[in-house]
Amino acid sequence: MRIFQYFLLFLIPGFPVYGYESRTNLKALGETIDDMSLGELEERRETIEREIGQLARFAMNSGVGRIGYRSNTHPSEDSEEWIEIDFGKTVSLDSIALVPALWRDAQKGFIADSFPEAFCITAGIRGESEETVVFQIDSSKGIIPRVAPFLINGKAIKASWIRLTANRLSPRNFDGEYVLQLSEILVFDGYENVALGATVEVSSSISYGSGAWGEEYLVDGFVPYLMDSSEGSGTVAYVVLAETGDTPSFSIDLETPSVLEDLVLHVVEQTDTVPQAFPGDYGIPYKFLLEGSLKSDFSDPVVLLEFERDSIFDVGPIMSFSLTSVAMRYVRLRATEPYVFSYVGVNGEAIPGGRLGFAEIELYSKGGHNMALGKLMKSEFRGESPPRHIEALTDGKNLYGSILTFRDWINQLAVRHDLEKKLPLVSAELGIRYAKQKQLLFFMRISLGLLVLFVIVGVFVYRHQQQRVLFKARERITADLHDVLGGNISAIVLLSELAKGETENPKELTRFVGKIDSLAVRTRNALKYISDVLSQPNLYENLTAEMRRIATGLTDGLEHDLQISGEEFISRIHQRNRVDIFLFYKECLVNIIRHSGATKVSTRLDIDKHYLKLEVTDNGIGLDENGVPVVPTSLRRRARILGAKVSVSPVEGGGSRIHMIFKWNRIWPWGSFNLPFLFRS
């Protein structure tokens, strides 16, 4: 029975989903794996693997660049640091992303460095006293280790500032000191990062003078990742050549006047080698202007953005800028101080030259619409060799594939982190289930083998039993012919002799004739029983009465004593066994009458809930052969048919005592009952 219980192992649970909104049909948050069946787990794993394959991949930035913000160090994790960002206007924020500062660990690879274990984010409107708790989390949630952004999505609220208060810090990997470090804080109003370029205040800050750390870098739009969306095929960046003193430019016709809010520049790939050939600023001008106009000749230009970089720390893989909101149809990016690149001439001399190039130029209007996508950029300058195509500037692709909006990209990285965290949990649970299933199949194979063996043994036992039944039937007929018919005929002969001596006494003669008649009737019934090899339904039903009757009939003229105990158990003995017990007792009396010469006979029958014991004693000549008590053959045969044990012992003063013990109630592991049809024919 226990083997079949293993089928219940096919019923199982899921695991809690936390921290993001997935695009798959994952079940409700807080669900456990124990609620899921094996099929559901397999489907869950396939769903997770499929979705992971559709999400942006983690690709880390290299070279030199800004890292982010770092607070003062603390000796204890239970120290508090805070960061406050003022947007300068009231916005409707609906998503916040905390991007960790990353550490390259020799064994674990990239991991978040000093990301807070517990923190709270509040928001409010400047000049109003009311604050709203946007989000809070404690260290029990285990949000680290991670490399992905921590994403907080929720119902949109009005706010002009947010404050992050970290009340449980994690150790810095370098020296174990407790600090607060973040690469970027992104705050979205729809698809607009309203934190970009906002005012930042912090409780403490350390920059070390390297130019890589500073609280202002929390809102510069630089993150430690390269955009690898895993969608589509990539294209190489477009770069134009310029001579010294030239001002190369790109211009575009948006076809309709549009109010632009953001400029996003994707820099030229810095080679795919490690280490890379350029520090990360190849093709990026030292100074450029972004101008807009309603006329194609830019005779009425409006400066939308003026950029100047002082060092390599002002450049990143993706550079985002907020623009002056003016409706423009034509836009031009003009490098007033192009990037200078020296190349080797024919004679080996270094020849300086200018470069201007990008992987993609995106111009966003309100609502996250890239107005430049698919529209042709123009430039009067020649492209760099090998041939590059100017269409690459607005085809929506970088070297790795399709370009996503910043919010979609960050969201996908967060989702990927959570799915990659869940996938091994599901796989581990499936491994446990498969092991249990393998164990189940093992038990089922053993059960099947045992079943086949049982069937084979059962067939063999059945055939053997049939042969045994046939043999028993023949043996029983032989015994009955000898014992029943022989005993009855002997008794008839004896009674006939006695009747002859009572011819002068009609009363005794009538009594003896009546007994002879009764024995003749019983002999006829016995012959019918033997011919059918079956007992009559009520034959010897009252065993004790039958024993008293036969004892009275056969021991007439002898002193006889019959004692019986445990009569309440007789009805529970199988009918065939009762017949065999009676015939055994009758054969004992016939042997005494025929051969012992006894004048006194005593019988004792004791029955309990398991055993039947019969003891017949006489004062005759005994059953010795050469001084050794011997059980008569007819009694041995009767005992064998019954399945009982029989023995003979001498009686002091002469005579013999026959002992028979029969276990009528077999004891089995599942209970006590008599199975004569299995053990006797």
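The values are calculated or read from the model by the stated rules, or taken from the named source; none is laboratory data. Nothing here was measured: the structure is a model prediction, and the numbers come from that model. As a convention, Cβ positions derive from the backbone with ideal geometry for all residues, glycine included, and neighbour counts pool all protein chains shown.
Observations, loosely collected:
- Out of 267, 274, one residue alone is β-branched (Val, Ile, Thr), under 30 Å from residue 101 (Cα atoms), at pLDDT 90 or above and not assigned by TED's automatic domain parsing to the domain that holds residue 183. It is 267.
- Only one of the listed residues (423, 413, 376) is closer than 27 Å to residue 48 by Cα, among the hydrophobic types (A, V, I, L, M, F, W, C) and surrounded by fewer than 20 Cβ atoms within 10 Å (Cβ to Cβ). That residue is 423.
- Any chance residue 129 is surrounded by fewer than 19 Cβ atoms within 10 Å (Cβ to Cβ), under 26 Å from residue 108 (Cβ atoms) and either out of contact with any Cys (no Cβ under 9 Å at 6 or more places or on another chain) or at pLDDT below 95 (or both): no
- If you filter region 287-320 down to residues that are surrounded by fewer than 17 Cβ atoms within 10 Å (Cβ to Cβ) and hydroxyl-bearing (Ser, Thr, Tyr), you find that the one that is nearest to residue 371 (Cα to Cα) is 296.
- Among (1) closer than 21 Å to residue 382 by Cβ; (2) surrounded by fewer than 20 Cβ atoms within 10 Å (Cβ to Cβ) - the single one residue 283 does not satisfy: (2)
- Total residues in region 30-70, condition part of a strand (DSSP E or B) and surrounded by fewer than 17 Cβ atoms within 10 Å (Cβ to Cβ): 1
- Lone qualifier among 356, 404, 333, 323 - being more than 49 Å from the chain's Cα centre (by Cα), under 29 Å from residue 93 (Cα atoms) and either surrounded by 14 or more Cβ atoms within 10 Å (Cβ to Cβ) or at pLDDT 95 or above (or both): 323
- Single match in 648, 579, 601 (criterion: part of a strand (DSSP E or B), among the β-branched types (Val, Ile, Thr) and touching a residue at least 40 places away in the same chain (Cβ under 8 Å)): 601
- From the list 299, 230, the one residue that fits, being modelled with pLDDT under 95 and in contact with a helix residue (DSSP H, G or I) (Cβ under 8 Å, 6 or more places away or on another chain), is 230.
- Extreme residue, surrounded by the fewest Cβ atoms within 10 Å (Cβ to Cβ), among residues of region 73-107 that are touching an Asp or Glu at 6+ places or on another chain (Cβ under 8 Å), farther than 19 Å from residue 160 by Cβ and of a type outside the set (A, V, I, L, M): 75
- Options 65, 14, 39: the member that is outside the structural domain of residue 434 (by TED's automatic domain parsing) and either modelled with pLDDT under 90 or in contact with a helix residue (DSSP H, G or I) (Cβ under 7 Å, 6 or more places away or on another chain) (or both): 65
- Exactly one residue among 172, 168 is more than 23 Å from residue 86 (Cα to Cα) and in contact with a helix residue (DSSP H, G or I) (Cβ under 9 Å, 6 or more places away or on another chain), and that residue is 168.
- So residue 367, is it modelled with pLDDT under 90, more than 26 Å from residue 263 (Cβ to Cβ), out of contact with any helix residue (DSSP H, G or I) (no Cβ under 6 Å at 6 or more places or on another chain) and assigned to a loop (DSSP other than H, G, I, E, B): no
- Tabulated pairs, region 371-384, first more than 14 Å from residue 249 (Cβ to Cβ), second assigned to a loop (DSSP other than H, G, I, E, B), C-beta under 7 angstrom, 6+ apart or interchain: 373/396
- Of the residues making up region 242-257, just one is modelled with pLDDT under 90 and crowded, with 19+ Cβ neighbours inside 10 Å, namely 242.
- Matching residues, region 613-632, being in a strand (DSSP E or B) and not charged (D, E, K, R): 614, 616, 617, 628, 629
- Near pairs, Cβ below 6 angstrom, 6+ apart or cross-chain, from region 122-142 (farther than 15 Å from residue 96 by Cα) to any residue that is surrounded by 14 or more Cβ atoms within 10 Å (Cβ to Cβ) and among the charged types (D, E, K, R): 139/117; 139/168
- Residue check, residue 650 surrounded by 12 or more Cβ atoms within 10 Å (Cβ to Cβ), at pLDDT below 95 and either touching a His at 6+ places or on another chain (Cβ under 6 Å) or at positive phi (or both): no
- All positions within region 585-605 that are surrounded by 22 or more Cβ atoms within 10 Å (Cβ to Cβ), touching a strand residue (DSSP E or B) at 6+ places or on another chain (Cβ under 6 Å) and either farther than 12 Å from residue 618 by Cα or of a type in the set (D, E, K, R) (or both): 605
- Looking across region 154-210, the residues that are under 20 Å from residue 92 (Cα atoms) and of a type in the set (Val, Ile, Thr) come down to 157, 162, 185, 187, 194, 199, 200.
- The residue of region 379-401 that is surrounded by the fewest Cβ atoms within 10 Å (Cβ to Cβ), among those that are hydrophobic (A, V, I, L, M, F, W, C) and out of contact with any Ser or Thr (no Cβ under 7 Å at 6 or more places or on another chain), is 399.
- Considering (1) at pLDDT below 95; (2) in a loop (DSSP other than H, G, I, E, B), the lone condition that residue 372 does not fulfil carries the number (1).
- Selection within region 551-574: residues that are in a helix (DSSP H, G or I) and in contact with a Leu (Cβ under 7 Å, 6 or more places away or on another chain). The member of this set that is nearest to residue 494 (Cα to Cα) is 554.
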